[in-house]
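*Asks:* Provided herewith is a single structure, encoded as structure tokens, for subsequent inquiry.
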2 protein chains.
Amino acid sequence: MNPKIRAQFEARAKIIKAMAHPTRLFLVDHLAQNGPRCVCELTEMVGDDMSTVSRHLSVLKQAGIVEDERHGTEIHYSLRMKCVLNFFNCVEAVLERDVRERMKLAGCGR
Amino acid sequence: MNPKIRAQFEARAKIIKAMAHPTRLFLVDHLAQNGPRCVCELTEMVGDDMSTVSRHLSVLKQAGIVEDERHGTEIHYSLRMKCVLNFFNCVEAVLERDVRERMKLAGCGR
DNA sequence: CTTATATTTGTAAATTTAGCCAATTATGCA
DNA sequence: TGCATAATTGGCTAAATTTACAAATATAAG
């Protein structure tokens with residue numbers, strides 16, 4: 001991998017990495033389902049410290065996946081790139097295929 | 001996030017995490033473009049130690065994204081879930097949108 | 001059986017990431 | 001101005017990830 005190619009894949013990985021955490025995945029899903037939401041509400045949903053949730057949101061924002069807008073004292077986050085929801089489809093496909101193949105293997109053992 | 005929901009998002013995150021590394025992204029891309037390939041060739045393409053590449057491949061395999069098959073002394077890896085290629089489309093969309101918006105912002109400064 | 005090649009695994013060091021608490025910043029309101 | 005609420009940031013520790021080197025394994029060939 002030459003430096004140019006490497007840089008390209010690093011940029012891509014950075015975006016995927018932003019999605020690669022259960023809490024951040026949950027946040028993306030929740031924003032997709034419910035539209036813009038303040039950090040306070042998201043914090044309540046997640047159940048971690050607000051500072052932790054805020055940091056997760058900032059990772060997503062840095063990656064360009066969500067965006068924020070201030071409303072008075074609250075800051076509302078919303079999904080900027082809806083296409084990330086496509087990730088879920090494929091992820092489910094992988095999980096389901098795993099389940100199926102594991103069942104098949106279990107059957108063979110009899 | 002109750003434990004059940006959390007477990008669900010952890011399972012999803014594990015798969016996305018497997019993709020969240022420049023080398024692994026490159027490996028997936030390369031397998032998609034060129035079909036099954038041995039570790040030796042992939043190692044040469046990547047340019048890291050073979051043990052490192054082997055570990056990356058095992059992460060992808062564990063996640064169910066690639067699969068392997070032995071051919072004599074070589075082990076050939078291939079893409080098991082082609083849908084992960086959809087990730088690339090969205091990632092490119094994010095990167096392009098970033099570029100566009102940054103150009104627009106730069107223009108405003110004049 | 002011994003050797004050579006391909007791959008994986010053990011291990012340890014370096015780096016990154018996650019999470020919490022405390023402190024700071026930003027805003028609206030009395 | 002001073003207080004209250006919302007959110008971010010600094011600082012720290014714990015945990016996870018990445019990586020290379022060395023050692024072990026697996027297979028084919030002589």
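The values are calculated or read from the model by the stated rules, or taken from the named source; none is laboratory data. None of the values given here were measured: they were computed from a predicted structure. So basically every Cβ, Gly included, is an ideal-geometry build from the backbone, and we count neighbours across all protein chains shown. Just so you know, the surface numbers come from the protein's heavy atoms only, side chains and all, with ligands and any DNA or RNA stripped out. Shrake-Rupley method; radii C 1.70, N 1.55, O 1.52, S 1.80 Å.
*Asks:* Across region A:40-49, what is the number of residues that are at the interface with another protein chain (Cβ under 10 Å from one of its Cβ atoms) and of a type outside the set (Gly, Ala, Ser)?
*Replies:* 3
*Asks:* Separate question: Away from chain A (no Cβ under 12 Å), within 25 Å of A:Asn2 (Cβ to Cβ) and near DNA strand D (Cβ under 9 Å from one of its atoms): is that true of B:Ser78 in this structure?
*Replies:* No: the conditions fail for B:Ser78.
*Asks:* Taking B:Thr43 as the residue in question, decide whether it is open to solvent by less than 50 Å² (accessible area, probe 1.4 Å), more than 9 Å from DNA strand C (Cβ to nearest atom) and among the hydroxyl-bearing types (Ser, Thr, Tyr).
*Replies:* Numbers: open to solvent by less than 50 Å² (accessible area, probe 1.4 Å): yes; more than 9 Å from DNA strand C (Cβ to nearest atom): no; among the hydroxyl-bearing types (Ser, Thr, Tyr): yes.
So B:Thr43 fails the test.
*Asks:* Checking B:Ile16 against (1) at pLDDT below 95; (2) open to solvent by less than 80 Å² (accessible area, probe 1.4 Å): exactly one of these is not met. Which one?
*Replies:* Of the numbered conditions (1) at pLDDT below 95; (2) open to solvent by less than 80 Å² (accessible area, probe 1.4 Å), the odd one out for B:Ile16 is (1).
*Asks:* If A:Gln62 passes every condition in (1) open to solvent by 30 Å² or more (accessible area, probe 1.4 Å); (2) closer than 14 Å to B:Val91 by Cα; (3) at the interface with chain B (Cβ under 10 Å from one of its Cβ atoms) but one, which one does it miss?
*Replies:* Single failed check for A:Gln62: (3).
*Asks:* How about region A:33-110: which helices (runs of 4 or more DSSP H) wholly inside it have at least 2 residues that are touching a strand residue (DSSP E or B) at 6+ places or on another chain (Cβ under 9 Å)?
*Replies:* Ranges flagged: A:39-46, A:50-62.
*Asks:* Separate question: What number of residues in region A:1-39 are free of Cβ contacts under 8 Å to residues at least 60 places away in the same chain and at the interface with another protein chain (Cβ under 7 Å from one of its Cβ atoms)?
*Replies:* Qualifying residue count for the region: 15.
*Asks:* Which residues, taken from region B:65-84, are near DNA strand C (Cβ under 6 Å from one of its atoms) and open to solvent by less than 80 Å² (accessible area, probe 1.4 Å)?
*Replies:* Matches in region B:65-84: B:Asp68, B:Glu74, B:Ile75.
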